[in-house]
Amino acid sequence: MLDDEEEEEKKSWVILLKDKEEWQIAAVASLGLLCSWNSDTVNDILMPYIDNEGKYIRAGASLGIGLCCAGINDENDMAYALLEDPAQNGEPIIKLCSILGLGMAYAGRSSEQLQEIFVTPVVDTSLPLEESAYAALSLGLTFVGQCNEEVAGAIIQTLMERSEDELNQPAAKYFGIGLALLYMGQQTKCETTL
């Protein structure tokens, strides 16, 4: 652990970005990249930011946890334990970053847990479009190349049910990316879906 002076110095650079919300998210999330494949460092480096009062800093920590835990098969399932609740119940920006964090942490791992919690937000047209689109992207990352029919069906269903105005929003592209990821490297199997 760092002594108090080093701890304060470490946190001061995030405070310098006080008025730049996106920069705060990126700065704290980048700590997850610096600690890639080492979930033990989450407690020391990212946990202080999870309890921060700034929502953009907490959002960055959620994204950082997903980045740090990407590709790790951990018996404690740290990413799920820390991000599952905020991905379903958090403030909007924290919810979005937690959804993406889970998608990155479980990329290519075909997690049934994520399928259970994210298929419903994908098809729920009463939710904000961004939330549904980020859930679709996370499912695409999780089931990359797996041709998961339930996830593909959910994404196609929401594309048919959303209004044209909604689908013209920038975040709507994540539905297409999520669907494409499901069939990555499986060109012959995607013809039925298209």
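The values are calculated or read from the model by the stated rules, or taken from the named source; none is laboratory data. Since the structure is predicted, the reported quantities are computational estimates derived from the model, not experimental observations. Please note: Cβ atoms are built from the backbone with ideal geometry, for glycine as well, and neighbour counts cover all protein chains shown. SASA here: full protein model, heavy atoms, side chains in, ligands and nucleic acids out. Shrake-Rupley method; radii C 1.70, N 1.55, O 1.52, S 1.80 Å.
Radius of gyration over Kirkwood radius for the chain, both on Cα atoms: the Rg/Rh ratio is 1.01. Placing one equal scatterer on every Cα of the stretch 14-128 and applying the Debye formula, the log10 ratio I(q)/I(0) at q = 0.14, 0.21 Å⁻¹ is -0.52, -1.09. A simple spin-label model places the labels of Met160 and Gln186 2.0 nm from each other, with each point 7 Å out along Cα-to-Cβ. For the chain, with all protein chains in place and a probe radius of 1.4 Å, 51% of the accessible heavy-atom surface sits on carbon or sulfur.
Report the charge-dipole magnitude of the chain in Debye, nearest 20, computed about the Cα centre from +1 at each Lys and Arg Cβ and -1 at each Asp and Glu Cβ.
Numbers: 11 positive and 32 negative charges, 154 e Å.
Roughly 740 debye for the chain.
Using the 1.4 Å probe convention, the accessible area of the stretch 28-169 works out to 44 Å² per residue with neighbouring protein chains retained.
Site pair Thr41 and Glu150 shows an inter-label distance of 3.5 nm when each label is modelled 7 Å from Cα along Cα→Cβ.
The Stokes-Einstein estimate for the stretch 46-91, based on a Kirkwood radius over Cα pairs and taken at 25 °C with 0.890 mPa s viscosity, is a diffusion coefficient of 225 µm²/s.
Going 7 Å from the Cα of Glu91 along its beta-carbon direction, which residues of the stretch 53-69 have the amide nitrogen within less than 11 Å of the resulting point? Hits in the stretch 53-69 for Glu91 at 11 Å: 53-60. When shorter helices are ignored and each DSSP H run of at least 4 residues is given -39500 (n - 2.57), the per-residue value for the chain at 222 nm works out to -19500 deg cm²/dmol. Quick note on the stretch 86-170: its Rg to Rh ratio, both from C-alpha atoms and Rh being the Kirkwood radius, is 0.95.
Relative to the longest principal Cα axis of the chain, at what angle does helix 149-161 sit, 0 to 90 degrees, rounded to 10? Approximately 80 degrees, to the nearest ten. For the stretch 98-112, 3J(HN,Hα) computed residue by residue from phi via the Karplus equation (6.51, -1.76, 1.60; θ = phi - 60°) reads 5, 4, 5, x, 5, x, 6, 5, 10, 4, x, 9, 6, 6, 5 Hz, glycine and proline entered as x. The accessible-area ordering, largest first, of the residues Arg162, Arg58 stands as Arg58, Arg162, per a 1.4 angstrom probe. Each part reduced to its alpha carbon centroid, the stretch 84-124 and the stretch 32-61 end up 17 Å apart.
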